[in-house]
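Report on the structure given below.
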Amino acid sequence: MHQKPSSKFFRFVGLVSLALSSTLLFNACSTWPGAGSKSTLWQVKGSHNSVYLLGSIHVLPASAYPLNPALQQAFNNSQRVVFEVDLNTVSQQAVLREFEEVGVYPPGDNLEHHVSPATIRLVKQVLAKLGISYKKARRFKPALLGELITSRYTELAGFREDLGVDRYFFAQAKNTRKPVLGLETVRDQARVLTSDDASGEARLVEAIVSLPAAKAILDELVVAWKDGRINTLDRLLNQDEWSDPKSFESMFLQRNQKWLPQIERFLESDGNYLVIVGSGHLVGDHGLVRALQGRGYQVKQL
């Protein structure tokens, strides 16, 4: 039986594909729900304003468009747009620099010195199928290589970073000259991939063995996101809470705790904010929606 992809499968494919695509390695639908349906969007009421929380899918197929009108309305009603990172600062060079620092071996070292021969054989097989050069790929530490493999697979399956929710609304923000903010830096995101050899190798193998089931899971994820099916999103994106608590803590819990005070400051402002973060950060028992409700804010799914 094929292993289902964990939340790690979906997390960083947007940024990693930006940094590591053809420059380094590569050789080579459903209808929108009708009126009355929900979206993966919440409105949080402040004293004098609203903060909209939009759960993003960082990579999407073209069939995901057009988006639910509620998302566009939230953008139109907001004076500022907030992403996980300020996308004005995200260039291929900047992302590559930060991810290389934590995820690339120094000269003279490579993957073969840190993982088992069986893992190397598995890596070579999947890289050949994905059109990735093993000679170049072996420079990458296992956790980052697992993300790279995931990124390449999603690209071949028709899920593109440039079609992701973040990029869609970032382009609109630039066109309308709305201020853009970030909750963290690219360096913060890169640090999430830091791991020792053993845990990194486990992530790499997990990414590879998850691939056969990934397309069906990705399709299910997009449909659940479009329909605002919060329980399904929680199941798909937050399963590491039980299967890999350490990864869940670094990927979601710690970052949510850092973001929450910033969102509360937005709620004390006069203008409306649209905050766009990965959907896994909003749903579930430890998501930002539940945290804000716990602090007494009025939160409504739109």
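Derivation of every value follows stated rules applied to the coordinates shown; laboratory data play no part. Here the structure is a predicted model, which means the values were calculated and not measured. When we count neighbours, we look across all protein chains shown, and the Cβ atoms used for this are built from the backbone with ideal geometry, even at glycine.
Things worth noting here:
- Amide H contacts under 5 Å for ASP86, placed H, 5+ residues apart: GLY182, LEU183, GLU184
- Nearby lysines by direct alpha-carbon distance to LYS215 (threshold 29 angstrom, same-chain neighbours under 8 apart not counted): LYS4, LYS8, LYS38, LYS124, LYS129, LYS135, LYS136, LYS141, LYS226, LYS246
- Under Karplus coefficients 6.51, -1.76 and 1.60, residue-wise ³J(HN,Hα) of the range 75-92 in Hz, glycine/proline x: 4, 4, 7, 9, 8, 9, 10, 10, 10, 4, 10, 5, 5, 5, 9, 9, 10, 4
- Amide H within-cut-off set for ARG160, under 5 Å, with H built and near neighbours excluded: LEU60
- At R0 = 30 Å, FRET efficiency that the Cβ-Cβ distance of ALA171 and LEU253 yields, to 0.05: 0.45
- Total charge dipole magnitude, the chain, about the Cα centre, Cβ charges on Lys, Arg, Asp, Glu only, Debye to nearest 20: 500 debye
- Note that the range 244-258 has calculated 3J(HN,Hα) couplings of 8, x, 5, 5, 4, 5, 6, 7, 10, 4, 5, 6, 4, 5, 6 Hz, one per residue in order, obtained from phi through the Karplus relation 6.51 cos²θ - 1.76 cosθ + 1.60 (θ = phi - 60°); glycine and proline are x.
- Descending Cα extents along the principal axes, the range 8-301, whole Å: 59, 39, 36
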